[in-house]
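A quick write-up on the structure given underneath.
A short reminder: the numbers here are calculations on the coordinates, not readings from a lab. Computed from a predicted structure; not experimentally measured. Cβ placement follows ideal geometry from the backbone for every residue including glycine, while neighbour counts extend to all protein chains displayed.
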Amino acid sequence: MTEDWRFQKRRARLVEELRNKGIDDERVLAAIGTIPRHLFVDDALLHRAYNDEALPIGLKQTISQPFTVAYQSMMLAPRLHDRILEIGTGSGYQAAVLCEMGARVFTIERLRALYERTLIQLKQLGYNALCRCGDGTQGWEAVGPFDGIIVTAGARDAPDKLLEQLRMPEDGSPGGRMIIPIGGRTSQRMTRITRTGPDDYDREVMEGFRFVPLIGGE
Ligand code: SAM
């Protein structure tokens with residue numbers, strides 16, 4: 001499906017909707033205003049691609065609601081060339097947003113069929129996120145530590161292996177930060193965890209959300 005004026009208009013309306021809902025990071029809004037979300041959803045759902053809603057992507061998984069993607073990206077606030085690890089590649093849309101924001105993106109998906117489909121999709125669209133199939137709760141030690149980690153599935157708590165792979169603070173600047181929805185099966189609170197020392201982390205608990213579960217060894 002190629003780009004056309006219908007989608008550009010709808011995308012611009014979505015950006016305005018997100019702005020009205022409190023997203024005020026212009027880099028996030030610019031990314032969402034650029035990325036063809038309709039290419040990340042099934043053809044049968046094209047007419048809903050620019051609604052502010054999560055949509056099924058098969059295998060009982062979802063592409064997150066645009067507000068959720070925008071909110072997590074805003075809370076993560078990656079700087080240019082920051083190394084960001086995403087857990088839960090899914091459709092690849094969140095990874096594309098982070099790439100558009102200038103981050104170096106590493107992303108892990110546990111379901112092989114999704115991983116294979118999204119790997120091709122991201123390449124075709126020119127996003128050079130490094131993708132891996134596996135259990136994201138273990139992190140990706142070989143390419144860490146990370147300036148930021150974003151978890152896009154609901155967790156009971158922050159996995160230790162991910163906390164360990166956040167960059168340490170240096171020269172008075174804070175260490176790496178993780179944005180992770182923490183809670184039960186039906187609802188979670190978005191949490192930002194910032195590394196402040198070898199074994200020290202600050203936690204800020206923010207808005208409530210509802211994610212599919214994070215499933216893994218940690
Ligand atoms: N970020 C995705 C996007 O932009 O489309 C949305 C992700 S969807 C809400 C959550 C994803 O996390 C699913 O694809 C699921 O298979 C994946 N997932 C769950 N547990 C995981 C784990 N331990 N490691 C890697 N991926 C996991």
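The table for this structure:
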| read-out | value |
| --- | --- |
| Sequence-distant lysines (8 or more away, or on other chains) whose Cα lies within less than 22 Å of LYS21 | LYS9 |
| J(HN,Hα) series, segment 196-209, from Karplus relation 6.51 cos²θ - 1.76 cosθ + 1.60, nearest Hz, glycine and proline x | 10, x, x, 10, 10, 9, 9, 10, 10, 9, 10, 5, x, 9 |
| For PHE211, distant residues with modelled amide H under 5 Å away | GLY154, GLN188 |
| 28 Å Cα-Cα reach of LYS161 towards lysines, excluding residues that sit fewer than 8 places from it in its own chain | LYS60 |
| Per-residue ³J(HN,Hα) for segment 128-142, Karplus 6.51 cos²θ - 1.76 cosθ + 1.60, θ = phi - 60°, Hz, x for Gly and Pro | 9, 5, 8, 10, 9, 9, x, 8, x, 5, 8, x, 8, 4, 4 |
| Sequence-distant residues sharing a close amide H with ILE63 (under 5 Å, placed H) | LEU55, ILE57 |
| For segment 5-209, alpha-carbon Rg relative to the globular expectation (2.2 N^0.38 Å, N residues) | 0.97 |
| Relative contact order (percent, whole number), segment 5-209, Cα cutoff 8 Å, 6+ residue spacing | 14 percent |
| Neighbourhood charge, 15 Å Cβ-Cβ cut-off, centred on ARG195 and excluding it, Lys, Arg +1 and Asp, Glu -1 | -4 |
| Fewest-first sequence of ASP160, ASP52, ASP199, ASP147 by Cβ atoms within 10 Å of each Cβ | ASP199, ASP160, ASP52, ASP147 |
| Residue-averaged [θ]222 nm for the chain, counting only DSSP H segments that reach four residues, each worth -39500 (n - 2.57) | -8500 deg cm²/dmol |
| Karplus 3J(HN,Hα) series, Hz, for segment 63-68 with 6.51 cos²θ - 1.76 cosθ + 1.60 (x for Gly, Pro) | 7, 5, 4, x, 4, 5 |
